[in-house]
Every structure is written in C-alpha cells, then in structure tokens.
Amino acid sequence: KALEKGHSKALTNKIVAYVGADQERFNSLMDTFLSGPQRVTQRAAWPLSYCVNSHPFLINRHYPSVLKILIKPGIHDAVKRNIVRLLQFVDVPRRYQGKVIEACFKLMDPKEAIAIRAFSMTVLANLAVQHPDLKKELTLIIEDQLPFGSPGYRARAKKILRQLEK
C-alpha cells in the first residue's frame with residue numbers, strides 16, 4: 001500500500017527497515033514487485049535492491065523470478081537498474097551464473113542507461129573471478145565504451161579494468 005502512495009528515499013528506507021532480515025517480509029515485497037502493476041513494480045525495485053544489499057541471503061529463492069524479469073524485453077530502466085544493482089551484492093549461485101552473465105553482457109549495450117551498464121560491469125567483473133575467460137571480453141567492451149562514457153561511468157570502468165588485470 002505504501003508503494004502505491006509514492007516513491008522517495010525516505011519511503012524506501014522505511015520499507016527496508018520494516019523488512020530487515022525477515023524472509024517472509026522480503027517474500028511479500030518480492031510478490032509485490034513481481035505482481036505489479038508496472039508503477040508498483042518500479043517503486044518496489046529500489047527497496048528490493050537495498051534489502052538484498054543488507055541481507056544477500058534474502059534473494060536466494062527468487063533468482064528464477066528476478067532473472068526472468070531481467071531478460072524480458074521492454075522492462076523499465078528502474079527495474080533493470082535495481083535488479084542488476086542487487087546482483088552486485090550477492091554470490092550468484094553457479095546454476096544461475098550463465099543467465100546472469102548473458103543478461104549483463106546484453107545490458108552493456110551503449111543504448112542502456114549508464115547506471116545499468118555500470119552495475120552490469122560490476123556483476124560481470126565479480127563473476128570473472130570464477131570465470132576468468134570473461135575478463136578479455138569484458139575488458140574489450142569496457143575499453144570500447146570508455147571514451148564515450150560519463151565521468152561516473154569512466155571512473156567505474158577504470159576501477160573494473162584494474163580489477164580485471166589481477
């Protein structure tokens with residue numbers, strides 16, 4: 001009901017505090033996120049990502065649903081951005097890594113919003129630790145986009161490139 005009324009940092013923080021580490025409350029937030037309507041899904045995405053940042057285990061049973069949304073065409077940028085943001089904070093289970101890698105490489109498209117690309121870059125760099133063969137492809141994409149990126153994108157890109165060299 002709170003998500004139907006508005007969207008703000010204060011409301012997001014209030015929802016995150018309410019959910020805490022409670023799996024049932026998180027499941028309820030996830031149900032709201034998945035069931036829509038579109039405006040509510042967009043609004044639920046922000047607290048969802050913050051909850052996972054604080055308590056990564058909360059997302060464990062929801063990977064299939066989240067990945068299904070992430071690869072669905074026509075999804076609002078806020079939804080994509082927050083799904084990829086939350087993926088930065090978790091150790092993606094091996095059985096979902098292929099789908100996450102594929103989705104994040106697609107989200108590195110220059111047509112995507114800068115934040116979506118930056119978060120995707122971080123997720124891919126995190127997964128490159130377990131899949132070193134990703135480093136070369138990710139490095140090529142980042143270096144190709146680097147001259148055209150915003151200052152924030154370039155800063156993130158340079159940090160990731162240093163991480164990939166190790």
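The values are calculated or read from the model by the stated rules, or taken from the named source; none is laboratory data. Everything quoted here is computed from the prediction, not taken from an experiment. Note: ideal-geometry Cβ built from the backbone for every residue, glycine included; neighbour counts use all protein chains shown. Ligands, DNA and RNA are stripped out before the accessible areas are found, and what is left, the full protein with its side chains, is counted by its heavy atoms. Shrake-Rupley method; radii C 1.70, N 1.55, O 1.52, S 1.80 Å.
Considering every residue within region 33-43, establish whether at least one is part of a helix (DSSP H, G or I), among the charged types (D, E, K, R) and closer than 26 Å to Tyr153 by Cα. Steps first, answer last, please.
Pass one, region 33-43, residues part of a helix (DSSP H, G or I): 33-35, 38-43.
Okay, now just the ones that are also among the charged types (D, E, K, R), so 39, 43.
Now drop any that are not closer than 26 Å to Tyr153 by Cα, which leaves 43.
There is at least one residue in region 33-43 that is part of a helix (DSSP H, G or I), among the charged types (D, E, K, R) and closer than 26 Å to Tyr153 by Cα.
Is at least one residue of region 93-100 of a type in the set (Ser, Thr, Tyr), surrounded by 14 or more Cβ atoms within 10 Å (Cβ to Cβ) and modelled with pLDDT under 95? Before the answer, list the steps.
Quick first cut of region 93-100, residues of a type in the set (Ser, Thr, Tyr) only: 96.
Those left that are additionally surrounded by 14 or more Cβ atoms within 10 Å (Cβ to Cβ): 96.
Among the residues that remain, those that are also modelled with pLDDT under 95 are: none.
Taking every residue of region 93-100 in turn, none turns out to be of a type in the set (Ser, Thr, Tyr), surrounded by 14 or more Cβ atoms within 10 Å (Cβ to Cβ) and modelled with pLDDT under 95.
Do we have Thr41 as closer than 16 Å to Ser65 by Cβ, within 19 Å of the chain's Cα centre (by Cα), surrounded by 12 or more Cβ atoms within 10 Å (Cβ to Cβ) and not aliphatic (A, V, I, L, M) here?
Details: closer than 16 Å to Ser65 by Cβ: yes; within 19 Å of the chain's Cα centre (by Cα): yes; surrounded by 12 or more Cβ atoms within 10 Å (Cβ to Cβ): yes; not aliphatic (A, V, I, L, M): yes.
The answer is yes for Thr41.
Tell me, which residue of region 98-157 that is of a type in the set (A, V, I, L, M) and outside any helix (DSSP H, G or I) is nearest to the chain's Cα centre (by Cα)? It would help to see each step written out before you state the result.
As a first pass, look at region 98-157 and keep what is of a type in the set (A, V, I, L, M): 100-101, 103, 107-108, 113-116, 118, 121, 123-125, 127-129, 134, 138, 140-142, 146, 155, 157.
Next, only the ones that are outside any helix (DSSP H, G or I) stay: 107-108, 113, 129.
Numbers: Leu107: 10, Met108: 12, Ala113: 13, Val129: 18 Å.
Per the stated criteria, the residue is Leu107.
Taking the condition of being more than 22 Å from Phe89 (Cα to Cα) and open to solvent by 40 Å² or more (accessible area, probe 1.4 Å), how many residues in region 142-152 meet it? Quick ask: steps written out before the conclusion?
So the first thing to find is which residues in region 142-152 are more than 22 Å from Phe89 (Cα to Cα), and the list is 143-151.
When the remaining residues are screened for being open to solvent by 40 Å² or more (accessible area, probe 1.4 Å), the result is 143-144, 147-148, 151.
Residues flagged as more than 22 Å from Phe89 (Cα to Cα) and open to solvent by 40 Å² or more (accessible area, probe 1.4 Å) within region 142-152 amount to 5.
Is there any pair linking a residue in region 18-40 that is closer than 14 Å to Leu3 by Cα and modelled with pLDDT under 90 to one that is open to solvent by 20 Å² or more (accessible area, probe 1.4 Å) and not in a helix (DSSP H, G or I), with Cβ under 8 Å and at least six apart or on different chains, and which?
Gln38/His76
From Ala125, Ala113, Ala103, Ala155, which residue is within 30 Å of Asn13 (Cβ to Cβ), open to solvent by less than 40 Å² (accessible area, probe 1.4 Å) and at pLDDT below 95? Steps first, please.
Details: Ala125 fails: at pLDDT below 95; Ala103 fails: at pLDDT below 95; Ala155 fails: open to solvent by less than 40 Å² (accessible area, probe 1.4 Å).
Result: Ala113 is the single residue among Ala125, Ala113, Ala103, Ala155 that is within 30 Å of Asn13 (Cβ to Cβ), open to solvent by less than 40 Å² (accessible area, probe 1.4 Å) and at pLDDT below 95.
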